[in-house]
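The values are calculated or read from the model by the stated rules, or taken from the named source; none is laboratory data. Being a predicted model, the structure only gives us computed values, none of them experimental. Methodologically, a virtual Cβ is constructed for each residue, glycine included, from the backbone with ideal geometry; neighbour enumeration extends over all protein chains shown. Each accessible area value is taken on the protein alone, full model and side chains, heavy atoms only, with ligands, DNA and RNA left out. Shrake-Rupley method; radii C 1.70, N 1.55, O 1.52, S 1.80 Å.
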Amino acid sequence: MANLKKMLAGGFTGALLLGTAAVPAVHADEDAEDNGAEVEEEVDSAEEVDSEDPDTLVIATNQSVEEWNPFNQIYVIEHAFRQLVYEPLVRVDAEDYSPTGGLAEDWDVSDDGLTWTYHLREGMTWHDGEPITAEDVEYTYHIIFNDPNLEVQYAAMIDLIEEIEVIDDLTVEFTLNRFDYGFEVTDEEILPKHIWEEHEGEWSDWANDEFPIIGSGPYQMVDFEVDTFIRYERFDDYFRGPAGFDEIVYQYYTEPDTSVAALESGEVDIVGGLNEAQIERLEGIDGIETNVAPDRRWMGLYFNTGSQTADGEEFGDAHDALQDSQVRQAIHHAIDRQTLIDNVLGGHADPATSMVPNVFSQIWWEPSEDERVDFDLEEANRILDDAGYPMGDNGVREDPDGEPLEFAIAIAPDATETEHVTEYLVEWLDEIGIDLEVIYSEDASAIFTDGDVEMFISGWGMQPNPIYNFQRNTCGVLPSEPGGTGTDVFYCNEEFDEAVAATQSEQDDDERLAAFHEAQRILYDDAPFVFLWYPYVREAYSDTKIDNIVTQPADEGAILGQTGPWAFHGAEPTGEEVGGVPTGVLWGAGGAAVLVGGLLVFFLIRRKQTAEDRE
């Protein structure tokens, strides 16, 4: 009965198949020897990274920036760009996510919590030498309040702020309509007015790709080639003092094993996103330090709870059955999180219960024994029987209108972990009378957003205050037109909306914590998602080349994916030269050239970004 359908949409732009083996897009020296490959000396437009330079920090990435406009960015690599290039008024620190000054040296709040006054540091400049003033702060929010493309994304902020007033060059005052717990750390990057005012009225449509990009952070983005590299140069006048490394280069790899080999050979200094086998391979190697720690991310199964616009217009072809919470709850019982963690992630994750990761223990909610949903196929079948979804003669259940429970899940072709998860889902849902079709598409996220499939697997990197992600699942962010973004699963539940509002408006600490817990409980019980796991960070770096690595949080924290520039601002070169063994690849315009069996092969290596890469 289970239906596993592989539909490749959007064309093939990955590895070139020669015989029965796929040639990786990048080869480390040892891999090139195994494949009989030799190094070709030159490729037009090749970009070389001097990994032997002790003052250049090279980071492996499998993502490429798709948007340089910070208002339009959602991927992890784009988050890294914002942390290096821009500063907010206030951000969270590396020690324990506590508020710490960004552009603001200090700030005051009135007794009623409605007036916030921020005092900027003296003498700060943008990367081009122009002074940073309160006018830049006011203009950033002028963009947010006046760009119609941002009104859904920033609806809560627009509703919250009554007025912004520039008091003097270094003082700006915000007046709020109501108390808001999260306002102290909005983490909104402040933009240079003298750059952005040239695009008045078209801010969100502007690509912001005039390099070098002007910001205020410890590094300036200066050069970029799609699917090849991103280069940052140190900003010596950064208000916290100059960073340790002269340059940071993100070097693009499509094959994780190749980036690991590059770390071993000294071509790369930091690698993240490692699997269990890669971590074990690197542990104990002289000059390489591994780091495994809890992450601030979650992964979950998304349900199309009823694709509709804000004015109630239904769209898409998804089955209506997932609008019924009992069907969603039954599927929740049919998923064994621990099996997925053990067999897909090698045990490197914790079972998830919420979109608040357990690393944020202050507000994380955990169900009681009575509330907890355990893997129980018998209970899942009972729920569906009682809810009026009888089993058909062919082993597939039908809804009250006689329509079979035939669902589809969209995943990206190169999302290996997600593919393994769906293999289990197909089997488990078959056991409870649900037929699950798997659609492989480079546009998996858009297919779900368009309302044309019932399920999707994705997740988010979270901040200590989860309000942004909570609000993505409130009634107020349903799209204004079919296919619009802003909502995760088309969820609208007034009880959840009330709890979310209370997490920010409640001034009593105990009552606010209760609201955080209530919001998480509602999502768990009503199941617009099934939260699957909280992954561990698995990363490694060259301690021969890098000294003074800062993790966030300080105790069992991560290096990559931090909120803030802490790891890269604090890292210092040891002064030792490392490796630089040739990889057998020359980088060109989004491609690679290798000699295989005497044949020169040039091929594209574009990796389609997936929703798993979101921040």
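Quick look at the numbers
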| read-out | value |
| --- | --- |
| Options Ser45, Ser110: the member that is open to solvent by 30 Å² or more (accessible area, probe 1.4 Å), small (Gly, Ala, Ser), farther than 21 Å from Arg296 by Cβ and at pLDDT 95 or above | Ser110 |
| Criterion: of a type in the set (Asp, Glu) and buried (at least 22 other Cβ atoms within 10 Å of the Cβ) - qualifying residue of Glu95, Glu105, Glu78 | Glu78 |
| Those residues of segment 406-438 which are under 17 Å from Ile335 (Cα atoms) and either of a type in the set (A, V, I, L, M) or not assigned by the TED database to the domain that holds Ile383 (or both), in sequence order | Ala408, Ile409, Val421, Leu425, Val426, Leu429, Ile432, Ile434, Leu436, Val438 |
| Yes/no for Glu403 being open to solvent by 70 Å² or more (accessible area, probe 1.4 Å) and in contact (Cβ under 8 Å) with a residue 24 or more places away in the chain | yes |
| Qualifying residue in segment 200-218 (condition: open to solvent by less than 60 Å² (accessible area, probe 1.4 Å), touching a strand residue (DSSP E or B) at 6+ places or on another chain (Cβ under 8 Å) and closer than 19 Å to Ile59 by Cα) | yes |
| Residues satisfying the stated conditions in segment 194-236, i.e. assigned to a loop (DSSP other than H, G, I, E, B), farther than 14 Å from Val85 by Cβ and of a type in the set (D, E, K, R) | Glu200, Glu202, Asp227, Asp236 |
| Flag if Glu369 is of a type outside the set (Val, Ile, Thr), in the same structural domain as Ile432 (by the TED database) and not in a loop (DSSP other than H, G, I, E, B) | no |
| From the options Asp374, Asp401, residue that is over 29 Å from His517 (Cβ atoms) and modelled with pLDDT of 95 or more | Asp401 |
| Selection from segment 112-159 of residues that are aromatic (Phe, Trp, Tyr) and either closer than 24 Å to Val222 by Cα or in a helix (DSSP H, G or I) (or both) | Trp126, Tyr139, Tyr141, Phe145 |
| Residues satisfying the stated conditions in segment 494-545, i.e. among the acidic types (Asp, Glu), surrounded by 18 or more Cβ atoms within 10 Å (Cβ to Cβ) and closer than 30 Å to Ser51 by Cβ | Glu539 |
| Residue selected from segment 555-586 under the condition of a type in the set (Gly, Ala, Ser) and within 21 Å of the chain's Cα centre (by Cα), by the criterion modelled with the lowest pLDDT | Gly561 |
| In segment 441-463, the residues that are among the hydroxyl-bearing types (Ser, Thr, Tyr) and open to solvent by 10 Å² or more (accessible area, probe 1.4 Å) | Ser445, Thr449 |
| From the options Asn394, Asn381, residue that is in a helix (DSSP H, G or I) and farther than 30 Å from Glu498 by Cβ | Asn381 |
| Answer from Thr422, Thr416 - the residue that is out of contact with any His (no Cβ under 6 Å at 6 or more places or on another chain), open to solvent by less than 10 Å² (accessible area, probe 1.4 Å) and among the polar types (S, T, N, Q) | Thr422 |
| Candidate set: segment 260-290, residues that are of a type in the set (Gly, Ala, Ser) and farther than 15 Å from Ala60 by Cα; chosen: the one surrounded by the most Cβ atoms within 10 Å (Cβ to Cβ) | Gly287 |
| Helices (runs of 4 or more DSSP H) wholly inside segment 464-564 containing at least 1 residues that are in contact with a strand residue (DSSP E or B) (Cβ under 9 Å, 6 or more places away or on another chain), more than 30 Å from Ile288 (Cα to Cα) and among the polar types (S, T, N, Q) | 467-471 |
| Single condition Asp50 does not satisfy, out of (1) surrounded by fewer than 20 Cβ atoms within 10 Å (Cβ to Cβ); (2) at pLDDT 60 or above; (3) within 30 Å of Gly486 (Cα to Cα) | (3) |
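Yes/no matrix, rows are residues, columns are (1) free of Cβ contacts under 8 Å to residues at least 12 places away in the same chain; (2) within 35 Å of the chain's Cα centre (by Cα); (3) open to solvent by less than 40 Å² (accessible area, probe 1.4 Å):
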position: Ala349; (1), (2), (3): no, yes, yes
position: Ala352; (1), (2), (3): no, yes, yes
position: Glu366; (1), (2), (3): no, yes, no
position: Asp370; (1), (2), (3): yes, yes, no
position: Phe375; (1), (2), (3): no, yes, no
position: Ile383; (1), (2), (3): no, yes, yes
position: Pro390; (1), (2), (3): yes, no, no
position: Gly395; (1), (2), (3): no, no, yes
